[in-house]
1. Kindly list the residues of the stretch 196-223 that lie in the label zone of residue 259, defined by a backbone N under 16 Å from the point 7 Å along the Cα-to-C-beta vector.
2. Want the number for residue 248 to residue 32: 0.36 nm per residue separation, take away the alpha-carbon distance, what's left?
3. May I ask you to compute the full-extension gain from residue 52 to residue 66, defined as 0.36 nm times their residue separation minus their alpha-carbon distance, rounded to one decimal in nm?
4. Per residue and in Å³, how big is the convex hull formed by the alpha-carbon atoms of the stretch 33-94?
5. Taking the simple approach of a point 7 Å from Cα along Cα-to-Cβ for both residue 241 and residue 191, what is their distance in nm?
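Nothing in this text is a laboratory measurement; each read-out follows from the coordinates by a stated rule. Because the structure is predicted, anything quoted here is derived from the model rather than measured. With ideal geometry, Cβ positions are generated from the backbone for all residues, glycine too; neighbour counts draw on all protein chains shown.
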Ligand SMILES: [Zn+2]
């Protein structure tokens, strides 16, 4: 009896502690997120994963496409300003025309596949892709997801102990296991996707790229999706009308930023 009273209490304290030590204010949106991975740790994790990918995949040597990626990437990284001072930006073009994909790893490592360059043909459209990926990095979505996964696992562990005598214990534990797996398996949640869109168009506009290209880009992606095999990027980046509606609603906020910066490009 004492055990079942005490243990949830301890668990509650542990959870509070995690939340207390691990809060991060997302730049540009001001959202408070759970994050107890240090920026140094995430930089290390991202960098070692990126090195592995660079060894495994073919890096494109196309001078025009590489020039375009570096040009747009550097401009947007500059527009980030002090949002994530620890970031070490690196942009690599991977050669796979069938891969309509781009990704960002914690700490500032951005990978773009040649396949998505065929969709994002203008600098403004590529700025949509890179702005979005860089936003995942500065919002620290990767380590937020890890923090959530670890917390879910801890809660699962705590429940397992607390519900020792409960017939429903196995069901509870299975539910938390599924919850933890969900958080860890799905690359970014819908909330993270929409937040990356919002922060991404702010960065693009600040770097002097037309934010309206985001709407054109996602509409094109919708058409591409219909004629292609479903890829990881489509699974994690649904280009449905909710995304496009949200971007349209952001235009009155970001177009003045673009007007101010378009001549500095
Ligand atoms: Zn994304």
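1. Answer for the stretch 196-223: 205-206, 208-212.
2. Extra length available between residue 248 and residue 32 comes to 75.3 nm.
3. Separation in residues times 0.36 nm, less the Cα-Cα distance, equals 3.0 nm.
4. 97 Å³
5. Taking the simple label geometry, residue 241 and residue 191 are separated by 2.6 nm.
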